[in-house]
Amino acid sequence: MSINHASDLPISGNDPANIKLLKSALDSSISGIIITDNTQFDNPIIYCNKAFEVLSGYLREEVIGRNCRFLQGNERNQQAREDIRKAVTEGESITVELRNYRKGGELFWNELYISPILGEAGQVTHFIGVQNDITRRKNAEENLQHEREQVELKIEKRTRELNENREYLDSIIQTIRQGLIVLDPEYKVISANDFFLKTFKVENRDTIGRSLYDLGNGQWDIKQLRVLLEQILPTNNPVLDFEVDHEFPHIGRKLMLLNAHRIEIEGSFKDRILIAIEDITQIRASENRKDDFLSVSSHELKTPLTTIKGYNQTILRLLPADINPKIPMMVNKSGKQIDRLQNIITSLLEMSRIQSGKLVLDADSIDMNILIKEMLEEAQEGNPEHILIFEGQTNHTIPADESQISQVLQNLITNAIKYSPDSRKIKLMLTEVSNYIKVSITDYGFGISQEDQKMIFDRFFRVSTIQKHFPGMGIGLYICAQIIKQHGGTLWVDSEPGKGATFSFTLPIKAKESGDE
Ligand code: ADP
């Protein structure tokens, strides 16, 4: 409100008592008040109240006669000043916020309300300035603004990081030569990489937003797969190496290998499933060809070798008594090599039978006490430099294929001897554990590292550090593990490099029921 006319005042007249009253009213105000005279050169201050003295730190006598601008210190270019100048020129009132300085040099924010007083002829004769220190409010506003800017900066940074991460992930996903799709918790496809689209000869619109189970001709709608996928989000159990052999639309019959994992990036995105799909049709076909080749060639080798063995035995029998003793010795040695060759061929044939699922188990009833004793005696005879010890017993006969279990025992005993050339003792333990018998063969030789232990039951795996010095094909343990598995037992190894190895297997005392895994 501007005070333009004396009549606006509640008290009128020139009575000194009234003027004193007005003055003390002005001095009681908590707002700083000044009056400038516009009729004099440079608009000097002609009045200031007490609150102004408190606010500015200047005494009355220090401000009277000066222009108000001294309050701005060196900051003469504030925008508010322009606004004031304009208002003063036009004789209008205005409220501005100014950065002002107290006498001591301390900055304060001044909310200044300027109102012109008009003279008789309507010209501006005075200005009244009402001032309030709003530094606290300004600081609070500035802090708020600063915090807002900080938050915005953080959001911007985080968004940039997320975008970079997404671009980074996208570029990996697009580069990978495996079909990849991401599913939401309803098993709907959120994204698919180019390789997926190319593999299945489909487009994004055939894929994105659709349920995995509705893709193509329902190729992934497999009961067992559904069960496994439903476990992923709640349990974080991945689906590993799930094979799907199917007549796919556009691409025909293919064998696909599927792996699925819950996606976790820094603890977020937990409700997404990443599925990697690999076309293993070619790989499997070439593996099968290799297996077929091994199987056929072993069969072809077996027949002539049996004949050679027969002739070798006949030669030995027919040798005249007075012949040079070196000759029977050499025939004997070649007989041993023939046996070795026969063992290798038998193993290869065994392996291809296992591979093609044609390993047939005869249902014998084995006395393991006797079988182990016999096998150990035979091994001891051929390896006099080792001491083979047998401990323990079982009171049960075992329903198992005797020739297969013999082969397992023979492989494990041969390995124990072969891979402990510098220590003599080999120990064989037979015990009963629950409704299983357990056989452990311990040697004190090279041992096997943890890393290698994971692979020694794989086909053709041999520990690289020792394979050069010992003959072998790396299929013995694979065969043993498969035979024991088919009998319903387990084969495993405990070992420390340099200290030896213990290979143990279990066999159920009760016959394995059909349908058991
Ligand atoms: P092979 O003996 O013909 O190489 P196996 O399948 O029987 O094939 O064994 C696979 C590999 O496991 C061997 O090459 C050897 O490196 C390691 N291995 C097996 N038995 C032992 C053992 N008792 N001690 C140390 N290493 C062994």
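Values computed for the structure shown
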read-out: Candidates Ile280, Ile251, Ile263 - the one that is touching a residue at least 60 places away in the same chain (Cβ under 8 Å) and surrounded by 14 or more Cβ atoms within 10 Å (Cβ to Cβ); value: Ile263
read-out: Entirely in the stretch 392-483, the helices (runs of 4 or more DSSP H) that have 2 or more residues that are free of Cβ contacts under 8 Å to residues at least 12 places away in the same chain; value: 450-453, 464-467
read-out: Among the residues listed as Ile437, Ile426, Ile448, Ile417, the single one being over 16 Å from Ser495 (Cα atoms) and modelled with pLDDT of 95 or more; value: Ile437
read-out: Whichever residue in the stretch 189-215 is acidic (Asp, Glu) and not in a loop (DSSP other than H, G, I, E, B) and, among such residues, is nearest to the chain's Cα centre (by Cα); value: Asp194
read-out: Residue that is assigned by TED's automatic domain parsing to the domain that holds Phe52, under 60 Å from the mean Cα position of the chain (by Cα) and surrounded by fewer than 17 Cβ atoms within 10 Å (Cβ to Cβ), where the choices are Asn110, Asn77; value: Asn77
read-out: The lone exception for Ser286 - which of (1) at pLDDT 90 or above; (2) surrounded by 12 or more Cβ atoms within 10 Å (Cβ to Cβ) it fails; value: (2)
read-out: Yes/no for Gly500 being open to solvent by less than 40 Å² (accessible area, probe 1.4 Å) and more than 9 Å from the ligand (Cβ to nearest atom); value: no
read-out: The stretch 461-490 - residue that is surrounded by fewer than 19 Cβ atoms within 10 Å (Cβ to Cβ) and polar (S, T, N, Q) and, of those, nearest to the ligand (Cβ to nearest atom); value: Gln467
read-out: So Leu507, is it within 16 Å of the ligand (Cβ to nearest atom), open to solvent by less than 60 Å² (accessible area, probe 1.4 Å) and modelled with pLDDT of 95 or more; value: no
read-out: Criterion (touching a strand residue (DSSP E or B) at 6+ places or on another chain (Cβ under 7 Å) and on the phi > 0 side of the Ramachandran plot) met by exactly one of Gly488, Gly445, Gly474; value: Gly488
read-out: Residue check for Thr442: open to solvent by less than 40 Å² (accessible area, probe 1.4 Å) and either farther than 19 Å from Val493 by Cα or not assigned by TED's automatic domain parsing to the domain that holds Tyr478 (or both); value: no
read-out: Residues of the stretch 411-438 classified as touching a strand residue (DSSP E or B) at 6+ places or on another chain (Cβ under 8 Å) and within 14 Å of the ligand (Cβ to nearest atom), total; value: 12
read-out: Filter pass, Glu381 being over 24 Å from Ala481 (Cβ atoms), in a helix (DSSP H, G or I) and at pLDDT 95 or above; value: no
read-out: Residue count, the stretch 447-459 (criterion: in contact with a helix residue (DSSP H, G or I) (Cβ under 8 Å, 6 or more places away or on another chain) and either surrounded by 18 or more Cβ atoms within 10 Å (Cβ to Cβ) or hydrophobic (A, V, I, L, M, F, W, C) (or both)); value: 2
read-out: Inter-residue pairs, beta-carbon under 6 Å, first not assigned by TED's automatic domain parsing to the domain that holds Gly382 and in the stretch 311-335, second assigned to a loop (DSSP other than H, G, I, E, B), 6+ apart; value: Pro328/Leu319
read-out: In the stretch 124-143, residue surrounded by the most Cβ atoms within 10 Å (Cβ to Cβ) [restricted to those that are part of a helix (DSSP H, G or I) and of a type outside the set (S, T, N, Q)]; value: Lys138
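The values are calculated or read from the model by the stated rules, or taken from the named source; none is laboratory data. Quantities reported herein were computed from a predicted structural model and do not represent experimental measurements. Here the Cβ is made from the backbone with ideal geometry for all residues, glycine too, and neighbour counts use every protein chain on show. Side chains are part of the model used for accessible areas, which takes the heavy atoms of the whole protein and leaves out ligands, DNA and RNA. Shrake-Rupley method; radii C 1.70, N 1.55, O 1.52, S 1.80 Å.
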